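Chemist: Attaching a single structure in structure tokens format; questions to follow.
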Amino acid sequence: MRRIPQIGPVRTRRTALAERALTRRGAHCSAHGNGANRVAAAFSVLRGRARAPRVPAALWHRGLVRVSTRRRNAGFTLLEVMIGFALATLLFIGMNQFWVVVASQIDLLTIRQKAVFRINGEMERLTEYYRIGAGVGTSINSTNYNAVPDGWVPGSLITSTAYEDRIVYGAAIADVVVDDTNVADFQATIDARTPPKDVHEVYSLIYLFDPGVAPNNERNVVWLDRELNVVGRLSWHLEPIAGTDSAGVTPCHQGTLLTACYLLTIFLDFPLRYVDEDAPLAGIPAVPVDTITLQTIIGARDET
């Protein structure tokens, strides 16, 4: 039986002679302590230049040549695939939780920005009311602001006894304050077909809520986000400024309207949930209630 030649690196006579010469040189370098690395590098280059034998074409056509190559089958094992799926699942779960947290923070920041806009608007309105001299004719004292209502999660909520008693709108004012008799105006919905003036009419209203459980417990409710039913609790506090009076000696402003100056502090507690007219200030689970304040000096003045 004819022996089938096997293809692989072969050593020619020239290669063998060169290897013997390098071997002798390496022994000499080792004895003198230098050049061993260069000899090893030369061996590597020399062996890489070994030529494959020339195989006659007839042997290829007859199938008498056997190539001695071995390689691993391509692809992944079942275990590798399962580990990959497990790692991908953990990654997706982590990314989903991350985006949930980011989305909730964005919502809270959006509500906070709306609260800032609202308290600025209410400050402008109160300043104008007090400037014309009559003050807020329908304002009344409201108490128990140091107590935390049931269902609220206090955040930066102000419950100091120094501001336990505050002031709110105590009666209906046309196009400004509504009570339980016309609360439907406060509850009006807003959609894409609503003209901008109607949007303003809904957001500008203040709901006077009277729980009826005790005197001086009225609360003012304002919209922050009508679509999400998010509201805030509005109130304010007046403190006379020392050195001013209404006797005409040191009035707040010169003119015919002689009044003292006051430090006006306005409070807005948020975010809260509007459920209905009987529960307009419900707490939102796991969402802390914060208070933002704004201050200015007010006093009646005339235009003469």
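The values are calculated or read from the model by the stated rules, or taken from the named source; none is laboratory data. Keep in mind the model is a prediction, meaning the values are calculated, not measured. All Cβ positions, even for glycine, are placed from backbone atoms using ideal geometry, and neighbour counts span all protein chains on display.
Chemist: If I119 satisfies all but one of (1) modelled with pLDDT under 90; (2) under 34 Å from the mean Cα position of the chain (by Cα), what's the number of the condition it fails?
Modeler: It fails just one condition, (1).
Chemist: Can you tell me which residues in segment 148-189 are of a type in the set (D, E) and under 21 Å from M123 (Cβ atoms)? Quick ask: steps written out before the conclusion?
Modeler: Looking only at segment 148-189, we keep the residues that are of a type in the set (D, E), and these are 150, 164-165, 175, 179-180, 185.
Answer for segment 148-189, where residues must be of a type in the set (D, E) and under 21 Å from M123 (Cβ atoms): D165, D175.
Chemist: Name the residue, out of A147, A88, A134, that is over 30 Å from L228 (Cβ atoms) and either part of a loop (DSSP other than H, G, I, E, B) or modelled with pLDDT of 90 or more (or both).
Modeler: Details: A147 fails: over 30 Å from L228 (Cβ atoms); A88 fails: either part of a loop (DSSP other than H, G, I, E, B) or modelled with pLDDT of 90 or more (or both).
Step by step, each of A147, A88, A134 is checked, and only A134 is over 30 Å from L228 (Cβ atoms) and either part of a loop (DSSP other than H, G, I, E, B) or modelled with pLDDT of 90 or more (or both).
Chemist: Please pick out the residue among T143, T138 that is free of Cβ contacts under 8 Å to residues at least 40 places away in the same chain and among the polar types (S, T, N, Q). Full working, then the answer.
Modeler: Numbers: T143 fails: free of Cβ contacts under 8 Å to residues at least 40 places away in the same chain.
Being free of Cβ contacts under 8 Å to residues at least 40 places away in the same chain and among the polar types (S, T, N, Q) holds for just one of T143, T138, which is T138.
Chemist: Of the conditions (1) surrounded by 13 or more Cβ atoms within 10 Å (Cβ to Cβ); (2) out of contact with any Phe, Trp or Tyr (no Cβ under 9 Å at 6 or more places or on another chain), A174 satisfies every one except a single condition; which number is it?
Modeler: Single failed check for A174: (1).
Chemist: Which condition number in (1) at pLDDT 95 or above; (2) among the charged types (D, E, K, R); (3) farther than 29 Å from S156 by Cα is the one that D269 fails?
Modeler: (3)
Chemist: Okay, next question. Of all residues in segment 186-217 being more than 17 Å from T138 (Cβ to Cβ) and part of a helix (DSSP H, G or I), which is modelled with the lowest pLDDT?
Modeler: Just the residues of segment 186-217 that are more than 17 Å from T138 (Cβ to Cβ), to begin with: 187-203, 211-214.
Those still in the list that are part of a helix (DSSP H, G or I) too: 196-203.
On the way: P196: 60, K197: 57, D198: 73, V199: 81, H200: 82, E201: 82, V202: 84, Y203: 89.
Step by step, filter segment 186-217, then rank; the result is K197.
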